[in-house]
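Here is the structure we will look at, set down as structure tokens.
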Amino acid sequence: MRILHLTKKYPDAFGGDAVIVSNLEREQTKLGHAIFILTPNCPEIREKENVFKFGLRDKAPNLDRLTVRRCLSLFILLWSGFKYLGRLKPDVIHTHSADLGFFIAISAKIYHIPVVNTCHGVSFPDKQYGFIKRFAERFLLQHAGFKRIIVVAKNILNVFDDAGIKNGVYIPNGVAIGQFAKEKAVLRLKADHKARFLFVGRLEEQKGCKYLIQATRILIEKTQDFEILLVGDGSQREILDNLTEENNLGSYVTFLGSVDAEKLKDLYCASDVFILPSIWEGLPVTLLEAWSAKLPVIVTNVGAIRDICVDERNGLIVRPKDPVAIAEAMLRLIEDDELRWRLAKNGAELVRREFSLEHVVKSTLELYEEVII
């Protein structure tokens, strides 16, 4: 099968969709399929023989924003889509963003190529977002002509039904079981006994890192026996740096920027707790990675996290935008060895049972075969 993935992000641009597409590419290639990647003209995205870029040159953080440059790139995709589809001749197109999918679908109809889209997050039911964003997303999903729309959270299927979108199917994100096994890890990065909290994600407002930094200021009134590592980059980096400096938290908070896959594996395995203070989410692959690394987690009750995370069973759940609650959860996991062990054990078992990459790839390929005429 010849498969074209159309995605906003691809390594080494940082983001969950980049990880998901890269994982699919690797596993689908192992199974003998020809995989092609079509992605924006971004300098952070690596050059490869099977990777093709379109549009105006832009930095990775801007790919998640609606800017003039990005809008122009979408219209360029409308025309360059004809060229790439004619050259690559894919049997199926898998898009990972509704706007990209909408524009490539126009070319795909001419070539009679089915398009499957994955919604890594859905915002149109949530009134915290602006009307234009919600209207545009709903319109694109309703009118792009996708053969199937993959959702990573089961509850979104009900939202789709209410919106008259009848072609949704649930396939969660997945991780390679054992990828972050602790027996493969390097030794702890520091020879001390501080509790190490790890955040992995884009440094954007969505991820709620400013509330984590505010929680740090609260937590040091109770204990100084901890450190926080933040992996990732984004438009909020300078703001978060300044907030850390203004509160004299430099000895507790370390920004590591983007790291490669091997370094990230080492960080998961050398940390004690994973923390994700997001304001909104789909199904974050970093949460699944943390569970795979047998880490206890602190998360907010947003998105698909609410569907899979049970408070005090496989994670501690806090309200978004609540630094006091975040600090309290951090303190509990510093002080309670048995709780850390229980959360980590149950999270690892859940990932192994329901979120293996092998199962996700199998379900996705079956979906492709279903839509190919």
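Candidates LEU72, LEU56, LEU78: the one that is surrounded by fewer than 20 Cβ atoms within 10 Å (Cβ to Cβ), in a helix (DSSP H, G or I) and touching a helix residue (DSSP H, G or I) at 6+ places or on another chain (Cβ under 6 Å) is LEU78. Where residues in region 211-231 are over 20 Å from ILE279 (Cα atoms) and touching a Lys or Arg at 6+ places or on another chain (Cβ under 9 Å), which of them is surrounded by the fewest Cβ atoms within 10 Å (Cβ to Cβ)? Looking at residues that are over 20 Å from ILE279 (Cα atoms) and touching a Lys or Arg at 6+ places or on another chain (Cβ under 9 Å), I get GLN224. For region 342-356, the condition holds for at least one residue, the condition being that it is part of a strand (DSSP E or B), of a type outside the set (Asp, Glu) and surrounded by fewer than 20 Cβ atoms within 10 Å (Cβ to Cβ). With respect to the conditions (1) buried (at least 22 other Cβ atoms within 10 Å of the Cβ); (2) within 19 Å of the chain's Cα centre (by Cα); (3) modelled with pLDDT of 90 or more, VAL122 lacks only one, and its number is (3). When VAL318 is tested against (1) under 28 Å from PRO125 (Cβ atoms); (2) touching a residue at least 60 places away in the same chain (Cβ under 8 Å); (3) among the aliphatic types (A, V, I, L, M), exactly one condition is not met: (2).
Here is the figure for region 299-340: residues that are assigned to a helix (DSSP H, G or I) and closer than 19 Å to VAL285 by Cβ total 4. Of all the numbered requirements in (1) of a type in the set (Val, Ile, Thr); (2) farther than 30 Å from PRO90 by Cα; (3) at pLDDT below 95, VAL318 misses one, and that requirement is (3).
Okay, residues lined up against (1) assigned to a strand (DSSP E or B); (2) assigned by TED's automatic domain parsing to the domain that holds HIS193; (3) among the polar types (S, T, N, Q):
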residue	(1), (2), (3)
THR223	no, yes, yes
LEU264	no, yes, no
ILE275	yes, yes, no
TRP291	no, yes, no
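Out of GLY282, GLY234, report the one residue that is part of a loop (DSSP other than H, G, I, E, B), in contact with a Cys (Cβ under 8 Å, 6 or more places away or on another chain) and either not assigned by TED's automatic domain parsing to the domain that holds ALA60 or not β-branched (Val, Ile, Thr) (or both).
Working: GLY234 fails: in contact with a Cys (Cβ under 8 Å, 6 or more places away or on another chain).
Checking each option against the conditions leaves just GLY282.
Please indicate, with yes or no, whether at least one residue in region 252-263 is under 16 Å from the mean Cα position of the chain (by Cα) and either buried (at least 22 other Cβ atoms within 10 Å of the Cβ) or modelled with pLDDT of 95 or more (or both). Checked region 252-263: no residue is under 16 Å from the mean Cα position of the chain (by Cα) and either buried (at least 22 other Cβ atoms within 10 Å of the Cβ) or modelled with pLDDT of 95 or more (or both).
When the residues of region 20-48 are filtered to those that are among the acidic types (Asp, Glu) and more than 20 Å from GLY81 (Cβ to Cβ), the one that is surrounded by the most Cβ atoms within 10 Å (Cβ to Cβ) is GLU27.
The values are calculated or read from the model by the stated rules, or taken from the named source; none is laboratory data. Keep in mind the model is a prediction, meaning the values are calculated, not measured. Because the Cβ atoms are built from the backbone with ideal geometry, glycine has one as well, and the counts that use them run over all protein chains shown.
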